[in-house]
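The values are calculated or read from the model by the stated rules, or taken from the named source; none is laboratory data. Source: prediction; values computed, not measured. Don't worry about glycine lacking a Cβ; one is built from the backbone with ideal geometry, like all the others, and counts go over all protein chains shown. Note: areas computed on protein heavy atoms with side chains; ligands, DNA, RNA excluded. Shrake-Rupley method; radii C 1.70, N 1.55, O 1.52, S 1.80 Å.
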Amino acid sequence: KGVKETNYMVKDLKPETNYCFTVTSANENGKESAKSSEVCATTLVDETIEKPATPQNFKVEATVHNELTLSWDAVADAKEYNVYEGDRLIGTIEETSVDITELENGKEYCFAVTALNKGGESDRIEECGTTLVLEAPVLTATAESDTTIVLSWDAVTGASSYNIYYGDEVLAEEFVGTTATFKGFNAGKEYCFTVTAVNV
């Protein structure tokens, strides 16, 4: 801002990285013009510095539902790391681990990591992992009286609530607990129920 010449050097950029710029003009009163059309350029490789080695011991682990943890060994001379899902860059970080959240249960995801310094970007290391699956509850139905049925099940790891069904009819959504009592049934008639586990 406030540059009076018609050229300007932008410094301290990353090597082998594409940057895009626009320019506006301003008069003495500070009135600014519309932006110029955008132009882009890619910085050169700093050939005086060797690019870092490829990260090693890359792991993709499922530790929490809807989440995968990526980790790898630190690379000497690396300043940052690029994290990719497939060919899509999803982040640049300084740490050697990252949690990828809001994923689908029981689905395989593939990631890659590269190391960065002023010499450029290392080769990729790739690994895939599958998110955890919520187990189905083991359900028990007990007749407490001629009109009352009690449903009970073991807690499911990772579940925050449960949905309870009578056939296709929803009896309860986001039910918290592992025991539910329902009344108003007819004596001597069979009733069938299912329960599903739900996470966050």
Between Thr181 and Phe21, what is the spin-label point distance in nm, taking each point 7 Å from the Cα along the Cα→C-beta axis?
7.5
What order do you get for 152-163, 84-95 when each peptide is scored by the mean count of other beta carbon atoms within 10 Å, highest first?
152-163, 84-95
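Relative to the present Cα-Cα distance, how much length would full extension add between Glu85 and Lys189 at 0.36 nm per residue of separation? Mind dumping the intermediate values first?
On the way: separation 104, 0.36 × 104 = 37.44 nm, distance 5.35 nm.
Fully extending the segment from Glu85 to Lys189 adds 32.1 nm.
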Show which lysines lie in cross-link reach of Lys4 when reach means a straight Cα distance below 22 angstrom and same-chain residues fewer than eight apart are skipped.
Lys31, Lys35
Between Thr147 and Val39, how many nm apart are label points set 7 Å from Cα along the C-beta direction?
8.5
Round to the nearest 0.05 the FRET efficiency obtained for Thr54 and Glu104 when R0 = 25 Å and r is the Cβ-Cβ distance.
0.30
Karplus-derived 3J(HN,Hα) from phi for segment 154-170 (6.51 cos²θ - 1.76 cosθ + 1.60, θ = phi - 60°), whole Hz, x at Gly and Pro, runs 6, 4, 9, 4, x, 7, 9, 6, 9, 10, 10, 10, 10, x, 9, 7, 7
Excluding same-chain residues fewer than 8 positions from Lys107, which aspartates and glutamates have a Cα within less than 20 Å of its Cα?
Glu61, Glu67, Glu85, Asp87, Asp99, Glu126, Glu127, Glu135
Give me the lysines in straight-line cross-link reach of Lys14: C-alpha distance below 18 Å, same-chain residues under 8 apart excluded.
Lys51, Lys79, Lys118
Given a 1.4 Å probe and the protein chains all in place, what does the accessible area of Thr43 round to, in Å² to the nearest 10?
40
Taking 32-41, 179-188, 102-111 and ranking on average Cβ neighbours within 10 Å, highest first, one gets 102-111, 179-188, 32-41
With a 1.4 Å probe and all protein chains left in place, how much of the accessible area of segment 1-148 comes from carbon and sulfur atoms, in whole percent?
47
